[in-house]
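Let me begin by presenting the structure, written as structure tokens, before commenting on it.
The values are calculated or read from the model by the stated rules, or taken from the named source; none is laboratory data. Please read all numbers here as calculations on a predicted model, not as lab measurements. Glycine gets a Cβ as well: all are built from the backbone with ideal geometry, and neighbour counts include every protein chain shown.
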């Protein structure tokens, strides 16, 4: 793999401008040399996603709920791509937790379906809020599994080689900035 350059690190940081809810998190998750710690970055993004869901639940304005849901969906796109293409393979292969990786993939697929369904529902309907609350419960359980079991297993299995995941994350996110629909 190519080393992280100032240019690729700058491109990574510019991803934050595209995904506003995670903008401050991206800058906070830097290791020396400009590469992000991918697992810390993802953990911080988990907090931001839960925060957006809490804002949706707290809002009484249907238009604001819709905007926040769209913001959540957009932010989770790069987050999920990062986990599905970089972290889950490490959970499966390096941490030897194939069942956990498969479960996490399926949970994300389920969440994508729920979010797509919520996008179509009237945002001023009680069923919409019930759906958002169910999403939050499922997401919180998913996050707990990642952060308490699988991310620590990856950290332990990879040790200093975690930097390889950091490099891959930087490349993925830099590519996303220039090719968001790819």
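A residue that is farther than 17 Å from residue 84 by Cβ, free of Cβ contacts under 8 Å to residues at least 40 places away in the same chain and surrounded by fewer than 14 Cβ atoms within 10 Å (Cβ to Cβ) occurs somewhere in the range 149-159. Looking across 130, 99, one residue alone is closer than 27 Å to residue 161 by Cα, more than 19 Å from the chain's Cα centre (by Cα) and in a helix (DSSP H, G or I). It is 99. Residue-level analysis places residue 91 outside the set of residues that are within 22 Å of residue 125 (Cα to Cα), modelled with pLDDT of 95 or more and part of a helix (DSSP H, G or I).
Evaluated against (1) part of a helix (DSSP H, G or I); (2) free of Cβ contacts under 8 Å to residues at least 60 places away in the same chain, residue 56 falls short on exactly one condition, (2). Scanning for something surrounded by fewer than 12 Cβ atoms within 10 Å (Cβ to Cβ) and out of contact with any helix residue (DSSP H, G or I) (no Cβ under 6 Å at 6 or more places or on another chain), does the range 165-180 turn up at least one residue? Yes, the range 165-180 contains at least one residue that is surrounded by fewer than 12 Cβ atoms within 10 Å (Cβ to Cβ) and out of contact with any helix residue (DSSP H, G or I) (no Cβ under 6 Å at 6 or more places or on another chain). One residue alone among 75, 111 is buried (at least 17 other Cβ atoms within 10 Å of the Cβ), assigned to a helix (DSSP H, G or I) and either touching a strand residue (DSSP E or B) at 6+ places or on another chain (Cβ under 6 Å) or at pLDDT below 95 (or both), and that residue is 75.
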